[in-house]
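Just so you know, all these numbers are worked out from the coordinates, no wet-lab data involved. Treat the numbers as computed from the prediction; the structure is a model and nothing was measured. Glycine also receives a Cβ, built like all others from the backbone with ideal geometry; neighbour counts cover every protein chain displayed.
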Amino acid sequence: MNPRLPALLTLAAITLVGCGIRPTEVPTNFGPAPSRVHCSLSEPDSSPQGSRGLPVQIFLLCGSQLVAVDRTVRVPDGTADAARRVLVAQGLLDELQAPPSPPEKEAGYTTDVRGATGVTGPHRDDPDETLRLTTPPTSLTSYALAQIVCTFSDSAAAESDGSVVLGGPADTPPRRYECTDEVRTRPGTDAPPSTEVGTT
């Protein structure tokens, strides 16, 4: 180290003070970068997604967690329960696959449910509450499956205990899925717990 360096630094500091400029300390620990993801909306969404219909909530991704947002789905009056379950499920899927509104995008919301996934009712030997996705649940990303399961579990598509029976298009046995606190907070690492459901 140059033995004259401390003296030069002291002289520079005195010069700055003499000129009315206060020397600034150089930080040694910057800490974590400030997050720009707020995951909150400053005002109600006025997009077409908020049009008249049955009020529902879907789960989008924000800050690597699932966050509920308001939507509506259209179900004709007088629809039978079995058909109503499928219509509600399809409406929820459509909302999950739609891009978030501009205010939601600005707040950091995204969705991992892609493509044109559809839903049908049970196959011949399935339990009555079964929903069959056109994309097998095992082919979905962990984020997308968590979004679908948690969205369905909070709707008329679920059983009374909040569980959801899902299967794919093939005649493989459906499974009963649950949306837990762990799934909502860590959808990328904690898959929705499931058990196989027997067919009749």
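So if we plug the beta-carbon distance of T120 and T195 into 1/(1 + (r/R0)^6) with R0 = 35 Å, what FRET efficiency do we get, rounded to 0.05? It comes out at approximately 0.95. Extension gain, S139-D70: 0.36 nm per intervening residue step, less the Cα-Cα distance, totals 22.1 nm. Note on T79 and S160: the extension gain reaches 27.3 nm, defined as 0.36 nm multiplied by sequence separation minus the Cα-Cα distance.
Show me the trypsin sites (Lys or Arg not before Pro) within the range 85-193 that DSSP assigns to loop and that have at most 13 other Cβ atoms within 10 Å of their Cβ.
Passing sites in the range 85-193 are R114, R124.
Between the listed residues P193, A80, L92, the Cα displaced farthest toward the positive end of the dipole of the range 54-200, a dipole computed from Cβ unit charges relative to the Cα centre, is found at L92. Rg of the Cα atoms in the range 70-200, relative to 2.2 N^0.38 Å, amounts to 1.03.
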